[in-house]
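Worksheet: the structure to be examined is printed underneath.
The values are calculated or read from the model by the stated rules, or taken from the named source; none is laboratory data. The model shown is predicted, which means the values in this text are computed figures rather than measured ones. Don't worry about glycine lacking a Cβ; one is built from the backbone with ideal geometry, like all the others, and counts go over all protein chains shown.
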Amino acid sequence: METTVGLRERKKAATRQAVHEAALRLVVEHGLDHVTVESIADAANISRRTFSNYFAGKEDAVLYGEEQRFRTLVRKVRAQPPALRAWQALRGATEELYREMGEPEREWAQRTRLARQHPSLLARQLANHAALERDLSEALSERESGVPPPVMAAAFLVGLRLAAHLWSDEQESRTLIDVMNETLDHVARPFT
């Protein structure tokens with residue numbers, strides 16, 4: 001069955017992305033506490049009401065890109081060859097995701113730093129990570145691992161978060177994928 005995205009859906013996706021980019025830019029420039037939903041809506045050339053159709057708050061708008069990557073990661077884990085053990089499926093899906101999206105831009109490092117500075121962003125990010133952990137655990141439940149899927153999903157995500165923090169703190173002297181692979185190699189020892 002062929003699925004095509006219609007004009008309306010493409011316009012919605014473009015608006016959502018524009019709001020996300022405006023939110024991120026304003027928060028990086030002015031700090032989360034000095035940015036309002038109204039200022040984000042103005043910067044994205046939409047109304048406050050339209051903003052509310054896309055995001056529950058400014059934190060959601062800032063973290064939208066990360067949420068999209070999380071959804072893609074879960075889909076890619078599910079699409080890995082069935083013969084792969086759970087940890088191999090996680091690593092394969094992650095490498096595939098980063099090959100497709102390329103090396104993250106400064107925006108990603110800025111968001112990582114922002115999340116560590118603002119409690120409301122950190123809280124929203126932790127909620128997103130908890131949802132990702134549940135979804136990954138479910139995606140791993142059909143795979144052989146010898147380790148309960150929730151434990152493996154949690155350990156994997158700790159490795160990803162640590163890699164992101166290390167990469168961000170290094171001021172991007174190495175690529176994220178290099179830092180991630182090194183970190184996940186250490187985390188993987190009990191699972192492989």
**OP:** Output the residues belonging to the range 148-192 that are of a type in the set (D, E, K, R), touching a residue at least 24 places away in the same chain (Cβ under 8 Å) and not in a helix (DSSP H, G or I).
**Re:** 172
**OP:** Filter the range 96-132 for residues that are over 26 Å from residue 150 (Cα atoms), buried (at least 17 other Cβ atoms within 10 Å of the Cβ) and either at pLDDT 85 or above or touching a Ser or Thr at 6+ places or on another chain (Cβ under 8 Å) (or both) and give the result.
**Re:** 109
**OP:** Test residue 19 against the stated conditions and say whether it is among the β-branched types (Val, Ile, Thr), within 22 Å of residue 188 (Cβ to Cβ) and at pLDDT 90 or above.
**Re:** no
Original post:
If we keep just the residues of the range 171-192 that are of a type in the set (Ser, Thr, Tyr) and at pLDDT below 85, which is farthest from the chain's Cα centre (by Cα)?
Top reply: 192
**OP:** For the range 32-56, enumerate the residues that are in contact (Cβ under 8 Å) with a residue 40 or more places away in the chain and surrounded by fewer than 16 Cβ atoms within 10 Å (Cβ to Cβ).
**Re:** 33
**OP:** For the range 4-21, state whether one or more residues are in a helix (DSSP H, G or I), free of Cβ contacts under 8 Å to residues at least 24 places away in the same chain and β-branched (Val, Ile, Thr).
**Re:** no
**OP:** Could you please tell me which pairs satisfy a Cβ distance under 7 Å, a separation of 6+ or placement on different chains, a first residue in the range 71-82 that is in contact (Cβ under 8 Å) with a residue 24 or more places away in the chain and part of a helix (DSSP H, G or I), and a second residue that is of a type outside the set (Phe, Trp, Tyr) and surrounded by fewer than 19 Cβ atoms within 10 Å (Cβ to Cβ)?
**Re:** 72/97; 73/97; 74/135
Subject >> The listed residue being of a type in the set (S, T, N, Q), surrounded by fewer than 19 Cβ atoms within 10 Å (Cβ to Cβ) and either in contact with a His (Cβ under 9 Å, 6 or more places away or on another chain) or modelled with pLDDT under 90 (or both), out of 168, 145, 141 >> reply: 145
**OP:** Restricting attention to the range 22-49, report how many residues are assigned to a helix (DSSP H, G or I), modelled with pLDDT of 95 or more and among the β-branched types (Val, Ile, Thr).
**Re:** 2
**OP:** Would you mind telling me which numbered condition in (1) part of a helix (DSSP H, G or I); (2) touching a helix residue (DSSP H, G or I) at 6+ places or on another chain (Cβ under 8 Å) residue 53 fails?
**Re:** (2)
